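Below: one structure, written as structure tokens.
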Amino acid sequence: MSELSNCKILVTGGAGFIGSHICDKLLEKGAEVVCLDNFITGHLRNIEHNQSNPKFKLIEGDIRDIETCKKAMIGCTHVCHQAALGSVPRSVKDPLTTNEINITGTLNIFFSAYEAGIKRIVFASSSSCYGDEPNLPKVESKIGIPLSPYAITKFSGELYARIFNSLYGMEMIGLRYFNVFGPRQDPEGMYAAVIPKFVQSLIKEKSPEINGDGSYSRDFTFIENVVEMNILALTTTSKEATGLNYNVACGQRLTILDLFLEIRLLLTDFNLSIAKIKPIHVDPRPGDIPHSLASIDLAKDLIGYNPKIMPKEGLSLAIKWYWENLQ
Ligand SMILES: NC(=O)c1ccc[n+]([C@@H]2O[C@H](COP(=O)([O-])OP(=O)(O)OC[C@H]3O[C@@H](n4cnc5c(N)ncnc54)[C@H](O)[C@@H]3O)[C@@H](O)[C@H]2O)c1
């Protein structure tokens, strides 16, 4: 029997890309799952395969509403907080909504969990917390000044977590995700992430846009590694592992241009004419960090994290999924 089989876990943002994969894994491990989502960027299609599972409950609601948060906590043993309005450019365009959801909503979740007597909260933070810190690889103890409203909201979640740990004795674990990708990540809309955007354009035989010259680099992290880290963080019994923030990444980086070339190469297995498509270079985006690469030593040492799927293998799995699901 898994250590999660007696647990009831609230997954906020459970209908989103990352949250829905976490719900799947928790159910597979025998946990009860309550998924709270307002579908602002999530989709029913990500979770509908779980709707007939008696251990799965969907609450359509908003984390900005404290009463909704309180109701969602009833009977739960843990919280896995993924709900947020993602995207740096969206936060530059609309900092108010990003602030309401990511700061007020996060505080609502933390405080209602405290009131419900829940001790362990694992929450999604972000590599954007590193801001203007120039050194690579990024180590958890050294962050700079945030470069976007989104980064401020994620850093604020970490600061609140610290307070909930020190003042209320809660076991808070923050996960600084580095460019997560994989099946179900939404390619639609102006705020889509780079991998699904490139894949969708290429499948439609259109030129994807690259912001800048393509030399910016990222530590792309396949979804399965992120899910694994959430499970480890929810279940760790090590006292010294709580009250901290961890990089969740692979510890490798790819430039955006190399990413484009790799995706194009993988897609030519499905359609040879994609090989001829060239990218279009447009202006760099304000608020973007030029380079991002994580040290994953802390997560390895304290939680036992060990990413199993490296970026190139992950890309080939993701592309197969997009080819089968975007056609
Ligand atoms: N994808 C990445 O590369 C990445 C990187 C760093 C951090 N993160 C963080 O990981 C988490 C999950 O991101 P994702 O990529 O799965 O994004 P996503 O947009 O697919 O998922 C977010 C989910 O939260 C829900 N949500 C948003 N506002 C809500 C609200 N007010 N009330 C209830 N539900 C709400 C959305 O409907 C969606 O289902 C977010 O906190 C995000 O900031 C993601």
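Things worth noting here:
- Tally, over region 184-214, of residues that are within 16 Å of the ligand (Cβ to nearest atom) and in a helix (DSSP H, G or I): 7
- Taking helices (runs of 4 or more DSSP H) as the structural unit, those lying wholly within region 72-183 and holding at least 3 residues that are open to solvent by 20 Å² or more (accessible area, probe 1.4 Å), over 22 Å from residue 35 (Cβ atoms) and within 15 Å of the ligand (Cβ to nearest atom) correspond to 88-93, 95-99, 149-168.
- Test: residue 223 is among the β-branched types (Val, Ile, Thr) and either within 11 Å of the ligand (Cβ to nearest atom) or open to solvent by 40 Å² or more (accessible area, probe 1.4 Å) (or both): yes
- Region 132-152 residues that are of a type in the set (Phe, Trp, Tyr), paired with ones that are open to solvent by 40 Å² or more (accessible area, probe 1.4 Å) (beta carbon under 9 Å, 6 or more apart): 150/90; 150/92; 150/95
- Selection status of residue 4, part of a loop (DSSP other than H, G, I, E, B), surrounded by 15 or more Cβ atoms within 10 Å (Cβ to Cβ) and more than 10 Å from the ligand (Cβ to nearest atom): yes
- Candidates 298, 259: the one that is in contact with an Asp or Glu (Cβ under 6 Å, 6 or more places away or on another chain), among the hydrophobic types (A, V, I, L, M, F, W, C) and in a helix (DSSP H, G or I) is 298.
- Tally, over region 47-106, of residues that are over 25 Å from residue 29 (Cα atoms) and among the charged types (D, E, K, R): 9
- Scanning region 262-283 for residues that are part of a loop (DSSP other than H, G, I, E, B) and open to solvent by 40 Å² or more (accessible area, probe 1.4 Å) yields a count of 4.
- Of the criteria (1) farther than 30 Å from residue 172 by Cα; (2) of a type in the set (Lys, Arg); (3) in contact (Cβ under 8 Å) with a residue 24 or more places away in the chain, which one residue 276 fails: (3)
- Residue under evaluation residue 30, criteria (1) modelled with pLDDT of 95 or more; (2) surrounded by fewer than 18 Cβ atoms within 10 Å (Cβ to Cβ); (3) farther than 16 Å from residue 228 by Cα; (4) not charged (D, E, K, R), criterion not met: (3)
- Checking each residue in region 284-312 for being open to solvent by 20 Å² or more (accessible area, probe 1.4 Å) and farther than 18 Å from residue 173 by Cα picks out 284, 285, 286, 287, 288, 289, 290, 291, 293, 308, 310, 312.
- Search result, residues across region 229-255 that are surrounded by fewer than 19 Cβ atoms within 10 Å (Cβ to Cβ) and of a type outside the set (Ser, Thr, Tyr): 239, 240, 243, 251, 252
- The residues of region 12-46 that are near the ligand (Cβ under 8 Å from one of its atoms) and in a loop (DSSP other than H, G, I, E, B), listed by number, are 13, 14, 15, 16, 38, 39, 40, 41, 42, 43.
Residues are listed down the side, and each one gets a yes or a no for (1) over 24 Å from residue 291 (Cβ atoms); (2) not acidic (Asp, Glu):
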{"position": "185", "(1), (2)": "no, yes"}
{"position": "202", "(1), (2)": "yes, yes"}
{"position": "212", "(1), (2)": "no, yes"}
{"position": "218", "(1), (2)": "no, yes"}
{"position": "240", "(1), (2)": "yes, no"}
{"position": "252", "(1), (2)": "no, yes"}
{"position": "257", "(1), (2)": "no, yes"}
{"position": "264", "(1), (2)": "no, yes"}
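The values are calculated or read from the model by the stated rules, or taken from the named source; none is laboratory data. All values reported here derive from a predicted model rather than from experimental measurement. Don't worry about glycine lacking a Cβ; one is built from the backbone with ideal geometry, like all the others, and counts go over all protein chains shown. What goes into the accessible areas is simple: the full protein's heavy atoms, side chains included, and nothing from ligands, DNA or RNA. Shrake-Rupley method; radii C 1.70, N 1.55, O 1.52, S 1.80 Å.
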